[in-house]
1. Taking Ile223 as meeting all but one of (1) open to solvent by less than 20 Å² (accessible area, probe 1.4 Å); (2) touching a residue at least 40 places away in the same chain (Cβ under 8 Å); (3) closer than 27 Å to His34 by Cβ, write down the number of the exception.
2. Just name the residue that is farthest from the ligand (Cβ to nearest atom) out of those in the stretch 214-229 that are touching a helix residue (DSSP H, G or I) at 6+ places or on another chain (Cβ under 7 Å) and not basic (Lys, Arg).
3. For the stretch 223-259, name all the residues that are more than 24 Å from Ile112 (Cα to Cα) and hydrophobic (A, V, I, L, M, F, W, C).
4. If you take the residues of the stretch 42-64 that are without any contact (Cβ under 8 Å) to a residue 60 or more places away in the chain and more than 19 Å from Pro95 (Cβ to Cβ), which of them is nearest to the ligand (Cβ to nearest atom)?
5. Any chance the stretch 138-151 includes a residue that's aromatic (Phe, Trp, Tyr), open to solvent by 20 Å² or more (accessible area, probe 1.4 Å) and at negative phi?
6. Six or more apart or on different chains, Cβ atoms under 8 Å: show the pairs whose first residue is in the stretch 8-23 and within 17 Å of Lys169 (Cβ to Cβ) and whose second is in a helix (DSSP H, G or I).
7. Is there a residue being touching a residue at least 12 places away in the same chain (Cβ under 8 Å), crowded, with 17+ Cβ neighbours inside 10 Å and touching a His at 6+ places or on another chain (Cβ under 7 Å) anywhere in the stretch 246-267?
8. Checking Arg274 against (1) crowded, with 20+ Cβ neighbours inside 10 Å; (2) within 16 Å of the ligand (Cβ to nearest atom); (3) outside any helix (DSSP H, G or I), which single condition isn't satisfied?
Amino acid sequence: MKIFNSAPEMQAFSLGQKQKGRKIGFVPTMGYLHEGHLSLVKRAKEQSDIVIVSIFVNPTQFGPNEDYTKYPRDEEKDKSLLEGLGVDALFLPTPEAVYPSGFQTYVEVEEITKKQEGEYRPTHFRGVTTIVSILFNITMPDVAVFGQKDAQQAEVIKRMVKDLRFPIKIDVAPIVREFDGLAKSSRNVYLSEKERQDALVLSRSLQQAEDMIKAGEKRTSVIIGKINETLASVDSSRPDYVRIVEAASFQESEELQDGKSYYILIACRIGKTRLIDNLYLEL
Ligand code: AMP
């Protein structure tokens, strides 16, 4: 596996691959890799000739009181996991290599970034769309794989790619969970043993919501009410939001309609750790 720390070297490699007619698959990550990330790499491999993974904890997508400085890192383990999967190239830049002095250009998707995660993390998506644009220009992928774990992010990226006409296919991979239902996340390492148990309330409440919907419930306020009740049954939980949105637009709706697809979205703190989870539903 080739490892590149500088943008020009990474870009030269990608250009060389493109000139040889090879299809590039790309998976952007912030490292501390788990099976969720690895499932993205496997999907990228299936759809391309060579796979590039980036590991970059992107400062511009963290708010001032968020966990940028303590975000977990384990480069050596990450490298060996990626090597084991046969990844061709790893882009591992420093913040200065990505944002050199004088940097002043940002990419902003306007509407669907305003609600849900955008309400609680107002500068987050601007950081995400800016870094993803930079990484797309450096790695020049034909296909890029994102996780449904960050469902709104995936939708924002799709909108950006469409609006700015990036010639890139965006593939979205399903959520990989622990054996007991907890969505895999690099941030799970922050949880104490008790909090790790408490955190199951997110997937459990989504499961309950799915059961209610299967039993015929259509009123989103009733479904959201039940999820909030379940979240409140765990004393370490502090929900930021529970929302039900139409999958294509991320618009909230009052009543579920047959033939449409929805996401049930949860953002909830367990102790000091902020977790997100969601369920995709086709009615
Ligand atoms: P991160 O390193 O957290 O920025 O995540 C990098 C990519 O992996 C994003 O596209 C995430 O949506 C995706 N991802 C993170 N956790 C999971 C998971 N449990 N299942 C599937 N994809 C995931």
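1. That leaves (3) as the condition not met.
2. If we take residues in the stretch 214-229 being touching a helix residue (DSSP H, G or I) at 6+ places or on another chain (Cβ under 7 Å) and not basic (Lys, Arg), then Glu217 is farthest from the ligand (Cβ to nearest atom).
3. Leu231, Ala232, Val234
4. Lys42
5. no
6. Cβ pairs passing all conditions: Ser14/Ile138; Ser14/Thr139.
7. no
8. Unmet for Arg274, out of (1) crowded, with 20+ Cβ neighbours inside 10 Å; (2) within 16 Å of the ligand (Cβ to nearest atom); (3) outside any helix (DSSP H, G or I): (1).
The values are calculated or read from the model by the stated rules, or taken from the named source; none is laboratory data. Because the structure is a prediction, the values reported are computed rather than measured. So basically every Cβ, Gly included, is an ideal-geometry build from the backbone, and we count neighbours across all protein chains shown. Heads up: the accessible areas ignore ligands, DNA and RNA and are worked out on the full protein's heavy atoms, side chains in. Shrake-Rupley method; radii C 1.70, N 1.55, O 1.52, S 1.80 Å.
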